[in-house]
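Contents: one structure, followed by commentary.
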Amino acid sequence: MKNAVLSADLERIYREVDDFISARPVGQPPVTGISANWKEGLSCIADPYCRSVTLAGGVPVLIPVTTDIKALDAAVRLLDGLIFSGGGDIDPAFLAEEPIPGLDGVDACRDTYDFMLLRLAFLYQLPVMGICRGHQALNVAFGGTLYQDIHSQFSPEALKHSQDEPRDCASHTVTLTNRPSKLSRIMNDTDVLHVNSLHHQAVKDVAPGFVETAVAPDGVNEAMEHPEYRIFSVQWHPEQMAAKGNDGMLDLFRFHTFQAKQFAEAKRLHGKILTIDSHVDTPDVFPAAFDLGKQEGSKVNLPLMEAGHLDAVFMVVYVRQGKRDAASLRAATRYAEERLSRIVEQERLNPLRAGIARTTDDLRRLKREGRKAIFVGVENGYTIGKDLENLKRFKETGVSYITLCHNGDNDICDSAKGQAEWGGLSPFGRDAVAEMNRLGIMIDVSHAAESTFYDVLQHSRFPVIASHSSARALVDHPRNLTDAQIKALAAHGGVIQICLYGAFLNKDAGKASLSDAIRHICHVVDLVGIDYVGIGSDFDGDGGVAGCSAANELIQITVRLMDAGFDGEQIAKIWGGNLMRVMDAVQSVNGL
């Protein structure tokens with residue numbers, strides 16, 4: 001493909017544009033940023049990069065080399081995908097190494113720009129494709145290491161990785177490894193690829209969490225990817241070959257463009273629907289005052305919510321189970337009240353960015369105003385002591401749900417990790433359920449024993465929620481709900497909010513991933529239908545898995561749900577519609 005050049009005729013050029021606008025298909029192609037090279041003060045890129053993106057159906061946009069963070073941030077927020085291009089060497093200082101004689105010239109500006117751009121791309125969860133230097137930069141950014149020079153550090157007998165042949169010609173082969181992988185699927189399970197080679201630095205130790213997917217005959221790494229994030233990279237230069245008609249290499253750009261198109265659709269969908277994370281423990285991260293407007297050590301704050309296109313969180317006051325004497329109960333109530341005041345204070349601290357929500361109408365209003373909604377919850381009914389008046393005070397503060405217990409029996413009920421003190425709800429617990437119904441406070445059965453769960457369904461006049469639980473049929477953990485419980489919850493009109501806590505999602509908690517969370521969501525949908533499942537991350541309460549570890553990454557759930565075949569209407573129910581239905585039902589009492 002060559003760039004079309006029309007004759008020096010303005011009318012013809014304008015007619016070409018007007019004809020295209022008239023026949024333009026509905027929908028915008030995904031916008032793919034390309035990191036620029038930096039040569040003698042010029043931000044530039046070889047034309048095959050742009051041609052390859054265009055041939056793949058994307059819109060290429062060159063991101064100029066700059067270390068102005070405001071400019072880079074604004075640029076990245078406009079993108080649907082990012083390609084990290086090739087170029088010069090990476091300064092070994094980023095690896096805490098001294099330069100060796102084989103190192104070529106490095107450029108501090110290009111290095112700073114690249115790593116700033118990478119950080120922003122990951123913050124906004126853009127699909128990323130790395131090429132040559134981009135492959136190496138990704139590896140360094142995520143904690144991997146490099147050979148400064150293959151021939152002096154890896155092996156004097158290594159292949160010649162800086163070819164003399166034209167750049168669009170293959171000079172050696174690579175073997176695909178760790179199959180199946182994104183790369184093997186893109187290449188239709190081909191064992192060996194013929195690639196070009198234009199580098200002397202190379203990936204040494206692959207970054208943690210990434211897997212090697214191709215290797216040269218001499219053992220030099222040639223490709224890697226992350227199994228959960230939408231990131232992959234290759235050491236060769238596929239753009240040179242794709243632009244010359246190599247369809248296999250063009251498939252790499254088609255795959256990246258497809259991922260960028262999906263990401264663009266996810267962002268568009270989040271602009272239309274209401275997205276709610278039903279359980280975060282962020283107040284517990286801070287021992288005293290905090291400000292959600294700042295990104296300071298928590299997995300949930302306004303910058304991360306904005307980056308992840310998340311509309312609302314239920315921010316809970318967590319109180320661990322303690323002694324049940326009068327003094328301890330009063331202390332638990334006072335602590336909860338102090339923490340509640342800190343949550344409510346966020347609206348005063350960030351009036352242009354957030355507001356306290358008590359109803360689903362508040363959420364809709366805040367979304368229209370461009371602000372994030374903060375709902376308030378209490379985790380552990382221990383905080384009300386033995387005084388039902390505390391429920392009224394919590395409701396007046398803005399509390400929307402109360403988790404009846406935590407890890408231990410209390411005066412309300414038995415816990416999933418308790419001693420079966422009551423055989424379910426206590427007499428006081430039955431009164432508490434009735435009072436929560438009367439006040440319009442949602443009842444949360446996460447952490448409750450099975451006996452408590454069924455007692456609550458029997459005594460509550462309204463649907464209940466499990467704000468952060470998963471499916472015991474997939475992982476046998478006492479905090480997960482059995483299929484029988486999920487069916488009963490659904491029959492009662494309730495909802496289970498799938499939790500991103502590793503031990504709930506995978507028998508080997510250390511291997512838990514976003515893929516596991518999607519399996520649990522799909523299991524519930526297959527079991528009882530689309531109307532009874534949602535998402536409660538448990539971020540800042542040890543929630544977070546590979547592929548979704550903080551609020552900015554929650555949009556990846558949407559992308560993965562799209563992968564699983566869910567349409568926009570179904571995704572809207574999972575992301576908030578189902579929980580809002582329960583909330584509206586509970587608050588319908590007394591005109592609330």
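See the values below:
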read-out: Qualifying residue in the range 302-324 (condition: outside any loop (DSSP other than H, G, I, E, B), within 18 Å of Asn390 (Cα to Cα), open to solvent by 20 Å² or more (accessible area, probe 1.4 Å) and not basic (Lys, Arg)); value: yes
read-out: Residue, most open to solvent (accessible area, probe 1.4 Å), within the range 84-100, restricted to residues that are among the charged types (D, E, K, R) and assigned to a loop (DSSP other than H, G, I, E, B); value: Glu98
read-out: Residue list for the range 101-145, restricted to those being of a type in the set (A, V, I, L, M, F, W, C), within 22 Å of Pro208 (Cβ to Cβ) and in a helix (DSSP H, G or I); value: Phe115, Met116, Leu117, Leu118, Leu120, Ala121, Phe122, Leu123, Ala137, Leu138, Val140, Ala141
read-out: Residue count for the range 169-213, restricted to those that are in contact with a Phe, Trp or Tyr (Cβ under 9 Å, 6 or more places away or on another chain), closer than 25 Å to Lys244 by Cα and of a type in the set (A, V, I, L, M); value: 7
read-out: Matching residues in the range 223-266 - criterion: being of a type in the set (S, T, N, Q) and either open to solvent by less than 10 Å² (accessible area, probe 1.4 Å) or within 19 Å of Gly33 (Cβ to Cβ) (or both); value: Ser233, Gln235, Thr257, Gln259, Gln262
read-out: Search result, residues across the range 127-145 that are surrounded by 23 or more Cβ atoms within 10 Å (Cβ to Cβ) and either among the polar types (S, T, N, Q) or touching a strand residue (DSSP E or B) at 6+ places or on another chain (Cβ under 7 Å) (or both); value: Pro127, Val128, Met129, Gly130, Ile131, Cys132, Gly134, His135, Gln136, Ala137, Leu138, Asn139
read-out: Pair list, Cβ < 8 Å and 6+ apart or interchain, from the range 113-131 residues that are charged (D, E, K, R) to residues that are modelled with pLDDT of 95 or more and open to solvent by 10 Å² or more (accessible area, probe 1.4 Å); value: Arg119/Ala141
read-out: Some residue of the range 526-536 being part of a loop (DSSP other than H, G, I, E, B) and under 28 Å from Ser460 (Cβ atoms); value: yes
read-out: Candidate set from the range 433-459 (those that are of a type in the set (Gly, Ala, Ser) and assigned to a helix (DSSP H, G or I)); member that is surrounded by the fewest Cβ atoms within 10 Å (Cβ to Cβ); value: Ala434
read-out: Residue satisfying condition, being open to solvent by less than 30 Å² (accessible area, probe 1.4 Å) and touching a residue at least 24 places away in the same chain (Cβ under 8 Å), within set Ile34, Ile45; value: Ile34
read-out: Top-ranked residue in the range 363-377 [being open to solvent by 50 Å² or more (accessible area, probe 1.4 Å) and assigned to a loop (DSSP other than H, G, I, E, B); ranked as nearest to Leu302 (Cα to Cα)]; value: Gly370
read-out: Residue tally, condition open to solvent by 20 Å² or more (accessible area, probe 1.4 Å) and in contact (Cβ under 8 Å) with a residue 24 or more places away in the chain, over the range 388-408; value: 7
read-out: Looking only at the range 107-126, and only at residues there that are more than 26 Å from the chain's Cα centre (by Cα) and surrounded by fewer than 16 Cβ atoms within 10 Å (Cβ to Cβ), the one that is farthest from Gly308 (Cα to Cα); value: Ala108
read-out: Only one of Ile521, Ile555 that is within 29 Å of Val317 (Cβ to Cβ) and within 15 Å of the chain's Cα centre (by Cα); value: Ile555
read-out: Failed condition for Arg430, given (1) of a type outside the set (A, V, I, L, M, F, W, C); (2) open to solvent by 10 Å² or more (accessible area, probe 1.4 Å); (3) not in a helix (DSSP H, G or I); value: (3)
read-out: Single residue of the range 56-83 satisfying the filter (open to solvent by 70 Å² or more (accessible area, probe 1.4 Å), touching a residue at least 12 places away in the same chain (Cβ under 8 Å) and not in a loop (DSSP other than H, G, I, E, B)) that is farthest from Phe263 (Cα to Cα); value: Ile69
read-out: Hits in the range 38-82 - residues which are among the β-branched types (Val, Ile, Thr) and farther than 23 Å from Val106 by Cα; value: Val53, Thr54, Val59, Val61, Val76
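The values are calculated or read from the model by the stated rules, or taken from the named source; none is laboratory data. Owing to the predicted nature of the structure, the values given are computational and were not obtained by experimental measurement. Methodologically, a virtual Cβ is constructed for each residue, glycine included, from the backbone with ideal geometry; neighbour enumeration extends over all protein chains shown. SASA here: full protein model, heavy atoms, side chains in, ligands and nucleic acids out. Shrake-Rupley method; radii C 1.70, N 1.55, O 1.52, S 1.80 Å.
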